[in-house]
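What follows is a short report on a single structure.
The values are calculated or read from the model by the stated rules, or taken from the named source; none is laboratory data. Everything numeric in this text was worked out from a predicted model, so none of it was measured. All Cβ positions, even for glycine, are placed from backbone atoms using ideal geometry, and neighbour counts span all protein chains on display. These accessible areas exclude ligands, DNA and RNA; they are computed on the full protein's heavy atoms, side chains included. Shrake-Rupley method; radii C 1.70, N 1.55, O 1.52, S 1.80 Å.
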Amino acid sequence: MNYQTDVCIIGAGPGGALLAYLLAKQNISTILIERSDKLGKEFRGEHLNEDGEMILKKHHIFEEIESLGLLRMSRVEYWRDGHVFKTIESELGHAGIHVPQQHLLQSINRQASLYPSYKLMLGTKVTELTQNEKGQYTGIKAQQKGTGEIIVESKIIIGADGRYSTVRKLAHIKNNIHNHGYDLLWAKIPAPANWEPSIKFALVKQQQVALFSQAKGFVQIGWNIEKGSYPVLRKQSFKPFIQRLIEAFPSLNLSIERFIKSWSDFTLLSVQSSISEVWSKHHLLLLGDAAHTMTPTGAFGLNESLKDADLLSDLLHQVFYQNKEISETLRQFEQKRKPRLITLERIQFQREKEFPSHFISS
């Protein structure tokens, strides 16, 4: 089957979905392609900061997400020897908001579906980028479940398909990966009774442990370990290792003992940041993690992808309604956003380096 559209977006995560909605709202025909069979698979970076909150409110999405369920965290706490010893209160009235990705994408897709210029294709895997004689990208070929091969002809291709972007690979765009010296053990467990929503940090064996309260009564655990150390660590006894977490946060004792019984109850995440060498190429653009992967530090990832979509929707309006040249407009997006992400990467390195200093008494 063949389709034609103004913009083809690959990847229906927060950045890609928001961009598709904002373009459809402007009557710019948009096809959003997602490899998964459904929207809203579990995502570990679901922390909304002030920037992301502002964008969702600007586009009248936040209210619906709130009705579906989100969680405001009251403050940031630093724990030592099983007790809080430093607390940071936010002037915003909260230290961040947990927004389940399912709720975020459900709200965006529902509103986007109100516009005839929007089409969502689930279960669709991109296999090839097509180009014209000038080398400009003109569309994609993909395999769609139940249909077979489809071809989408498009004036602009947006790769919003995450840190392992297929679009980036097919466009032969170099991705500069930076090692931060640690990996992450991740787990989610039910919160104890009377758990107050907050962000909690501890230093365990000179490694960061972070707890993030989540909607629906859960706590997300992120435990930094030395890069590449997990195979050796896993050969050791599990009980002494998990006891350190209990000692750091005693109120989690029962929940940890019930739900984290072995190494297999943790998920190992390889931590790295990256910034692609170029973001725009011959009518193709990378967005969000495909262009700039962040580490968990500072919880920037989700929010920066929303900012990408917000800016890009304005710039593409100029392409389709003011006859601005496509390649120049996409380069303009890169020029506006790339310095910000380079700065944030530096901030992440600095925060990671300085983290132990929070636990030194003044």
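A few remarks follow.
- Counted residues, the range 1-33 - those being part of a loop (DSSP other than H, G, I, E, B) and surrounded by fewer than 24 Cβ atoms within 10 Å (Cβ to Cβ): 5
- Among all residues of the range 83-95, there is none that is in a helix (DSSP H, G or I) and buried (at least 19 other Cβ atoms within 10 Å of the Cβ).
- Members of the range 76-99 found to be farther than 30 Å from Gln243 by Cα and free of Cβ contacts under 8 Å to residues at least 12 places away in the same chain, listed by number: Glu91
- Ile225 without any contact (Cβ under 8 Å) to a residue 60 or more places away in the chain, part of a strand (DSSP E or B) and either closer than 30 Å to Leu284 by Cβ or touching an Asp or Glu at 6+ places or on another chain (Cβ under 7 Å) (or both): yes
- Residues in the range 96-135 that are open to solvent by 10 Å² or more (accessible area, probe 1.4 Å), out of contact with any helix residue (DSSP H, G or I) (no Cβ under 7 Å at 6 or more places or on another chain) and assigned to a loop (DSSP other than H, G, I, E, B): Pro100, Ser113, Leu114, Pro116, Leu122, Asn132, Glu133, Lys134, Gly135.
- Across the range 286-299, a minimum of one residue is classified as open to solvent by 10 Å² or more (accessible area, probe 1.4 Å) and polar (S, T, N, Q).
- Flag if Thr267 is touching a Leu at 6+ places or on another chain (Cβ under 8 Å) and without any contact (Cβ under 8 Å) to a residue 40 or more places away in the chain: no
- Screening the range 45-81 for residues that are of a type in the set (Lys, Arg) and touching a strand residue (DSSP E or B) at 6+ places or on another chain (Cβ under 6 Å) and picking the one that is farthest from Thr147 (Cα to Cα) gives Arg75.
- Qualifying position, being part of a helix (DSSP H, G or I) and aliphatic (A, V, I, L, M), among Leu245, Leu285: Leu245
- Qualifying residue in the range 309-325 (condition: farther than 23 Å from His59 by Cα, buried (at least 16 other Cβ atoms within 10 Å of the Cβ) and touching a residue at least 24 places away in the same chain (Cβ under 8 Å)): no
- The range 136-170 - residue that is of a type in the set (S, T, N, Q) and more than 22 Å from Thr293 (Cβ to Cβ) and, of those, surrounded by the most Cβ atoms within 10 Å (Cβ to Cβ): Ser154
- Some residue of the range 169-176 being touching a residue at least 24 places away in the same chain (Cβ under 8 Å), outside any helix (DSSP H, G or I), under 30 Å from Gly217 (Cβ atoms) and in contact with an Asp or Glu (Cβ under 6 Å, 6 or more places away or on another chain): no
- Identity of the residue in the range 181-240, hydroxyl-bearing (Ser, Thr, Tyr) and farther than 16 Å from His98 by Cβ, that ends up surrounded by the fewest Cβ atoms within 10 Å (Cβ to Cβ): Ser237
- Every residue from the range 45-75 that is assigned to a loop (DSSP other than H, G, I, E, B), open to solvent by 90 Å² or more (accessible area, probe 1.4 Å) and touching a residue at least 60 places away in the same chain (Cβ under 8 Å): none
- Exactly one residue among Arg346, Arg340, Arg331, Arg351 is over 23 Å from Asn49 (Cβ atoms), open to solvent by 20 Å² or more (accessible area, probe 1.4 Å) and of a type in the set (Lys, Arg), and that residue is Arg331.
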